[in-house]
Amino acid sequence: MRPGRFELQDRPVPTPGTGEVLIRIARVGICGTDIHIFNGHYAADSLPMIPGHEFTGTIEALGPDVTGLRIGDKAVVDTNVGCGTCYWCRRNEILNCPEMRQMGISMDGAFAEYIVVPARLVIPAPAHMPFEVLALTEPLACVVRAARKANVTFGQSVAVLGAGPIGHLHVQLLRTIGAAPIIVTDISPDRVALALRHGADVGVSDPADVKACVMQATEGRGADIVIESVGLPALYQQALQLIRKGGHVAAFGLTGAGAVLPVDILTTILQENSIKGSVAGSGQDMHDALNFLVHGRIDPTPFLGAEYALDDIQTAFDTFKDRPDDLKTQIVLSD
């Protein structure tokens with residue numbers, strides 16, 4: 001792939017080496033990060049490459065010295081590859097590992113029929129789980145990590161800025177955790193309505209009404225936590241105005257490189273406010289996300305339905321912005 005254009009190629013099926021596993025890919029979700037790569041706005045130094053990191057499939061072959069996995073089992077894969085031994089890897093902060101690579105972002109990924117991955121990153125999945133649902137594990141893991149980093153717990157008020165695919169996952173997970181009230185904002189009334197049907201308590205689509213809505217829902221205090229899930233500097237600035245004294249901003253939406261958020265240092269100190277970033281789910285985040293899906297804690301229905309064959313991947317990306325009702329698009333490679 002190069003910016004704006006996919007090229008389909010025939011390549012030999014790779015052979016797993018020591019400690020590796022060959023996965024026959026079934027489904028791959030298109031992520032907002034993939035769109036940024038497609039448009040040449042992110043990971044441009046990795047191109048040309050095979051993108052795709054929200055994937056699931058079947059264990060096809062095991063390399064030497066691989067134990068605990070079985071050929072034919074369904075599986076999902078933790079796509080963040082660290083050294084496994086450094087300070088950051090030991091703390092499950094793999095994205096800070098000096099040797100870190102990400103499948104489909106800084107190395108070849110999953111828009112292909114097969115991929116070889118480290119066996120330690122393969123997570124077996126129950127046979128009864130549909131591939132289209134298993135492909136949601138990676139994006140849900142990112143949301144799990146955001147909640148973990150923000151220390152979300154039951155009874156907290158949370159405002160989610162943006163009701164797109166990730167914002168909607170935030171809402172569903174917050175409902176599962178027991179946050180209350182959950183306030184969702186988006187300029188699309190349809191997406192706000194969808195979020196209200198799947199867990200949000202309050203929704204607002206007029207930007208001029210957001211602050212008043214949050215204050216009314218929190219007895220004038222502001223939200224305990226505000227999650228920015230869009231990636232707009234203006235929304236990050238708004239998030240600081242929506243938290244209560246002592247509140248927290250969860251920085252999740254990716255902005256452009258060099259974007260800056262002005263912070264009133266004295267107010268931050270005196271009110272004991274906080275802000276923390278999170279990005280890709282890894283380690284236990286992946287296991288937790290799979291567990292939520294297996295046990296029905298997340299309703300996958302809003303994310304299903306938009307499917308394209310690998311041969312039509314160019315069309316899937318070219319039409320992405322024209323299909324706002326499709327919360328998630330998946331590339332189908334096998335079943």
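Miscellaneous remarks
- Two-site FRET efficiency, Trp88 against Asp206, from Cβ-Cβ distance with R₀ of 51 Å, rounded to 0.05: 0.75
- Residue pairs, from the table Lys211/Lys328; Lys211/Lys276; Lys149/Lys321; Lys245/Lys276, whose Cα atoms sit over 23 Å apart: Lys211/Lys328; Lys149/Lys321
- Amide N proximity, the range 223-250 versus Thr268 label position 7 Å along Cα-to-Cβ, cut-off under 12 Å: 240, 249
- Kirkwood analysis of the Cα pair distances in the range 239-278 returns a hydrodynamic radius of 11.0 Å.
- Cα-based values for the range 131-210, radius of gyration first and Dmax second, are 12.3, 41 Å.
- Share of Cα-Cα pairs in the range 1-129 lying beyond 19 Å, as whole percent: 51
- Table column - 3J(HN,Hα) (Hz), the range 24-36, Karplus curve with 6.51, -1.76, 1.60, x for Gly and Pro: 8, 6, 9, 9, 9, x, 8, 9, x, 5, 4, 5, 4
- Hull volume per residue, based on the alpha-carbon atoms of the chain and their convex hull, is 134 Å³.
- Computed accessible area, Ile265, all protein chains, 1.4 angstrom probe, square angstrom: 120
- The H on the amide N of Ile227, modeled in the peptide plane, is under 5 Å from the matching H of Ala159, Val160, Leu161, Ala250, each at least 5 residues off or on a different chain.
- Accessible surface area normalised per residue over the chain is 46 Å², counting heavy atoms of protein chains with a 1.4 Å rolling probe.
- Burial order of peptide ranges 126-132, 45-51 (average beta-carbon count within 10 Å, highest first): 45-51, 126-132
- Close amide-amide hydrogen proximity is noted between Val76 and Ile123, Ala125, each under 5 Å apart and 5 or more residues distant or on a separate chain (H modeled in the peptide plane; Pro and chain starts excluded).
- Convex hull volume of the C-alpha atoms in the range 1-60, normalised per residue: 107 Å³.
- Computed over the range 47-109, the ratio Rg/Rh where both radii use C-alpha atoms and Rh is Kirkwood: 1.02
- Accessible surface of the chain, 1.4 Å probe, proportion on carbon and sulfur as whole %: 52
- Average projected area [Cα convex hull, the range 146-299], square nanometres: 9.0
- Candidates Val249, Val143, Val202, ranked by Gaussian network fluctuation over the chain, Cα under 10 Å, top entry: Val202
- Karplus-derived 3J(HN,Hα) values for the range 283-297, using 6.51 cos²θ - 1.76 cosθ + 1.60 with θ = phi - 60°, are x, 4, 4, 5, 5, 5, 4, 4, 4, 4, 5, 4, 9, x, 6 Hz; glycine and proline are entered as x.
The values are calculated or read from the model by the stated rules, or taken from the named source; none is laboratory data. Small disclaimer: the values here were computed from a predicted structure and weren't measured. All Cβ positions, glycine included, derive from the backbone under ideal geometry; neighbour counts span all protein chains shown. SASA here: full protein model, heavy atoms, side chains in, ligands and nucleic acids out. Shrake-Rupley method; radii C 1.70, N 1.55, O 1.52, S 1.80 Å.
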